[in-house]
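Read through the structure below, which is laid out as structure tokens, and then see the notes.
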Amino acid sequence: MFIGEYQHSIDKKGRVIIPSKFREDLGETFIITKGLDNCLFVYPLEEWKILEEKLKSLPLTRRDARAFVRFFFAGATEGSLDKQGRVLIPGNLREHSRLKSEAVIIGVSNRVEIWSKDEWNKYNKNDDLSYESIAEKMAELGI
């Protein structure tokens, strides 16, 4: 399980350090793809396969399902760590997530998310994200 929040800089080549607590669970090879809310999702291969099966089961006849599958698969790439624990974020993914010089890497249960520091700060200041109202909605779902 991935938990926690870490801040790291992005070097001129587009590499960012993955926190040591996440490295073992990510494995040697993992998948990086466009995430929601202008971040990147990073999945260990086992978790990616579970998501892939779910996405493959979506009906091709539904336009929104096709768009969602395209969004995830077209942006996906294999990632691996170098000896310093860094991963190279391809340019198209850096552009999607607005990554420039500072990144926030967070653990979100079965995946890691990589955020631009500015986007993470904006996300956390969003007035629509009242944690009380979110908690009420989670209670409706039985959580």
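Here, each number is a calculation from the coordinates, and none is a lab measurement. Given the structure is predicted, the values throughout are model-derived calculations rather than measurements. Counting neighbours? That spans all protein chains shown, and the Cβs are built from the backbone with ideal geometry, glycine included.
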Given R₀ = 41 Å, what would the calculated FRET efficiency be for Ser20 paired with Thr61, taking r from the Cβ atoms and rounding to 0.05? 0.35
If amide H atoms are modeled at 1.01 Å from N in the peptide plane, then the residues at a separation of 5 or more from Ala76, or on another chain, having amide H under 5 Å from its own are Lys34
Skipping prolines and chain starts, which residues have an amide H placed within reach, meaning under 5 Å, of the one on Asn110, given they are 5 or more residues away or on another chain? Phe2
GNM flexibility winner over the chain from Thr33, Thr61, Thr77 (Cα, springs under 10 Å): Thr61
Tensor-based shape of segment 6-143 (alpha-carbon gyration tensor, a/c under 1.5 rounded, otherwise prolate or oblate): oblate
To the nearest 0.05, what FRET efficiency results for Ser109 and Lys13 with a Förster distance of 35 Å applied to their C-beta separation? 0.70
Checking Asn124, Asn110, Asn38 against a Gaussian network model of the chain (alpha-carbon springs below 10 Å), the top fluctuating residue turns out to be Asn124
Identify which of Ile17, Ile32, Ile114 has the largest mean-square fluctuation in a Gaussian network model of the chain, with springs joining Cα atoms closer than 10 Å. Ile17
